[in-house]
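Written below as structure tokens is the structure these notes are about.
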Amino acid sequence: MNQPLEPTLDALRNPFARHVAATRPAFLSASLMAVFVGLAIARHDGLAIDPVLAMVTLLFALMAQAGTNVLNDYYDALNGTDAQNVERIFPFTGGSRFIQNGVMTQAEMRNFGFALMAGVVLAGLWLMAHSAPQLFYIGLAGLFIGWAYSATPFKLNSRGLGELCVAAGFLLVTVGTDFVQRKGFSVAPLIAGLSYALLVTNLLYINQFPDRRADTAAGKLHWVARLDVNHARWGYVLIVASAYVWLLTAVALGWLPLLALAALLALPLSVKAARQLLRHAAEPKQLGDAIKLTIAAMMAHGALLSLALILG
């Protein structure tokens with residue numbers, strides 16, 4: 001598999017383009033789809049979607065993920081994992097390479113990351129004023145997860161809690177999106193968003209295989225680092241199974257419309273990715289196609305689920 005060229009300062013002389021690229025914009029589609037699921041479940045429940053609130057919510061979610069990405073790069077530069085990662089599959093694993101390739105300094109990445117988080121706070125305060133004060137708790141939980149995922153003293157991913165953070169973080173995006181439209185809490189977005197959040201979690205999970213040796217050396221002891229490779233690879237299968245069993249259960253119990261089963265059309269992508277991971281878990285350089293399939297599965301699942309909720 002041919003990998004894209006890593007970023008260089010010569011290629012990113014424009015400060016605006018440089019800062020946009022530092023957020024890893026291609027991967028912000030994960031938050032975009034989580035927002036779509038939240039809007040879809042609100043519409044499914046008969047709410048009239050407020051387009052202004054929806055756009056600000058989307059901005060809120062994208063900035064939160066962008067800030068998390070940038071801060072993750074900063075903290076991974078501090079612990080040295082990205083610098084010593086020679087098995088990375090760019091642009092999927094091993095960080096953005098902005099610090100390692102001299103595109104931005106550690107201080108610039110740190111300041112940019114916290115500036116993005118400050119923007120999230122401002123957007124959140126505006127949304128609170130136009131929905132309900134309880135949105136504060138959703139936003140606070142999301143900000144804490146985004147920061148504590150990599151930052152000391154918590155370093156949640158290093159403690160084996162990274163998968164839980166990702167699932168909870170993207171589920172919060174869906175719940176928060178629905179809350180802004182509904183102006184109150186509901187169990188509906190939790191039910192609707194869980195299968196998608198689990199498939200996003202699998203992107204983190206599979207990405208940790210190429211990073212495994214560097215992460216272990218740096219003390220990032222997530223589950224892929226803690227377990228033997230032959231055992232760790234089955235975690236991907238378990239997460240896929242959990243996502244689709246949840247979807248089937250929710251439909252069977254009448255929590256989601258029958259049309260939501262259309263999201264099962266993404267299952268073959270997950271199965272193909274799982275087969276490749278089971279075959280090449282110990283050969284990180286061979287996992288590029290499996291990572292792409294993981295992304296395709298989560299995006300297809302989210303899009304089909306959103307469409308089904310609107311039509312259902």
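The set of residues in region 289-311 that are among the aliphatic types (A, V, I, L, M) and closer than 13 Å to Gly193 by Cβ comprises Met298, Leu305, Leu309. The single condition among (1) under 17 Å from Tyr149 (Cα atoms); (2) over 17 Å from the mean Cα position of the chain (by Cα) that Gly67 does not meet is (2). Ser186 meets each of the listed conditions (1) over 17 Å from Ile41 (Cα atoms); (2) in contact with an Asp or Glu (Cβ under 7 Å, 6 or more places away or on another chain) apart from (1). Among residues of region 233-246 that are under 15 Å from Met298 (Cα atoms) and in contact (Cβ under 8 Å) with a residue 12 or more places away in the chain, those with a Cβ under 9 angstrom from a residue that is part of a helix (DSSP H, G or I) and among the charged types (D, E, K, R), sequence gap 6+ or separate chain, pair up as Ile239/Glu163.
Per this entry, Phe136 is not counted among residues that are under 22 Å from the mean Cα position of the chain (by Cα), more than 29 Å from Gly184 (Cα to Cα) and modelled with pLDDT of 95 or more.
Just checking, does region 222-235 include any residue being in a loop (DSSP other than H, G, I, E, B), within 18 Å of the chain's Cα centre (by Cα) and under 30 Å from Pro153 (Cα atoms)? Looking through region 222-235, at least one residue is in a loop (DSSP other than H, G, I, E, B), within 18 Å of the chain's Cα centre (by Cα) and under 30 Å from Pro153 (Cα atoms). On the stretch given as region 171-212, residues that are closer than 23 Å to Tyr236 by Cβ, assigned to a loop (DSSP other than H, G, I, E, B) and in contact with a Ser or Thr (Cβ under 6 Å, 6 or more places away or on another chain) total 2.
Just to be sure I understand, how many residues within region 44-90 are closer than 30 Å to Ala192 by Cα and either touching a helix residue (DSSP H, G or I) at 6+ places or on another chain (Cβ under 9 Å) or among the β-branched types (Val, Ile, Thr) (or both)? Give the steps one after another, and end with the answer.
Within region 44-90, the first condition is being closer than 30 Å to Ala192 by Cα, and the residues that meet it are 44-72.
Within this subset, residues satisfying the condition of being either touching a helix residue (DSSP H, G or I) at 6+ places or on another chain (Cβ under 9 Å) or among the β-branched types (Val, Ile, Thr) (or both) are 44-45, 47-50, 52-54, 56-72.
Residues in region 44-90 being closer than 30 Å to Ala192 by Cα and either touching a helix residue (DSSP H, G or I) at 6+ places or on another chain (Cβ under 9 Å) or among the β-branched types (Val, Ile, Thr) (or both): 26 in total.
Here's the yes/no breakdown for (1) of a type outside the set (Val, Ile, Thr); (2) under 30 Å from Val187 (Cα atoms); (3) crowded, with 16+ Cβ neighbours inside 10 Å:
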residue	(1), (2), (3)
Leu259	yes, yes, yes
Leu265	yes, yes, no
Leu277	yes, no, yes
Asp289	yes, no, no
His301	yes, yes, yes
Leu309	yes, yes, yes
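Just to be sure before I move on: is Trp234 farther than 21 Å from Val166 by Cα, aromatic (Phe, Trp, Tyr) and either at pLDDT 95 or above or surrounded by fewer than 16 Cβ atoms within 10 Å (Cβ to Cβ) (or both) in the structure I sent? Judged against the criteria, Trp234 is not a match.
Looking only at region 158-166, decide whether some residue is on the phi > 0 side of the Ramachandran plot and in contact with a helix residue (DSSP H, G or I) (Cβ under 8 Å, 6 or more places away or on another chain).
Within region 158-166, the subset on the phi > 0 side of the Ramachandran plot is 160.
With the extra rule that they be in contact with a helix residue (DSSP H, G or I) (Cβ under 8 Å, 6 or more places away or on another chain), the set shrinks to 160.
Yes, because at least one residue in region 158-166 is on the phi > 0 side of the Ramachandran plot and in contact with a helix residue (DSSP H, G or I) (Cβ under 8 Å, 6 or more places away or on another chain).
Among residues that are in contact with a Leu (Cβ under 8 Å, 6 or more places away or on another chain) and assigned to a loop (DSSP other than H, G, I, E, B), Gly67 is not included.
Residues in region 100-154 that are closer than 20 Å to Thr23 by Cα and part of a loop (DSSP other than H, G, I, E, B): Gln100, Asn101, Gly102, Val103, Met104, Thr105, Tyr149, Ser150, Ala151.
Residues of region 236-288 that are more than 11 Å from Ser195 (Cβ to Cβ), outside any helix (DSSP H, G or I) and hydrophobic (A, V, I, L, M, F, W, C): Leu253, Trp255, Ala281, Ala282, Leu287. Does Ala274 satisfy the condition of being farther than 17 Å from Ala243 by Cα, aliphatic (A, V, I, L, M), touching a helix residue (DSSP H, G or I) at 6+ places or on another chain (Cβ under 8 Å) and at pLDDT 95 or above? Considered against the rule, which asks whether it is farther than 17 Å from Ala243 by Cα, aliphatic (A, V, I, L, M), touching a helix residue (DSSP H, G or I) at 6+ places or on another chain (Cβ under 8 Å) and at pLDDT 95 or above, Ala274 comes out as no. Could you tell me whether region 73-80 includes any residue that is of a type in the set (A, V, I, L, M, F, W, C) and either crowded, with 23+ Cβ neighbours inside 10 Å or in contact (Cβ under 8 Å) with a residue 40 or more places away in the chain (or both)? No. For Leu59, the conditions (1) surrounded by fewer than 19 Cβ atoms within 10 Å (Cβ to Cβ); (2) more than 26 Å from Arg182 (Cβ to Cβ) all hold with the exception of (2).
Checked against (1) more than 20 Å from Ala274 (Cα to Cα); (2) aromatic (Phe, Trp, Tyr); (3) surrounded by fewer than 19 Cβ atoms within 10 Å (Cβ to Cβ), Trp223 passes all but a single condition, namely (1).
The values are calculated or read from the model by the stated rules, or taken from the named source; none is laboratory data. Keep in mind that this is a model prediction, so the values were computed, not measured. Glycine also receives a Cβ, built like all others from the backbone with ideal geometry; neighbour counts cover every protein chain displayed.
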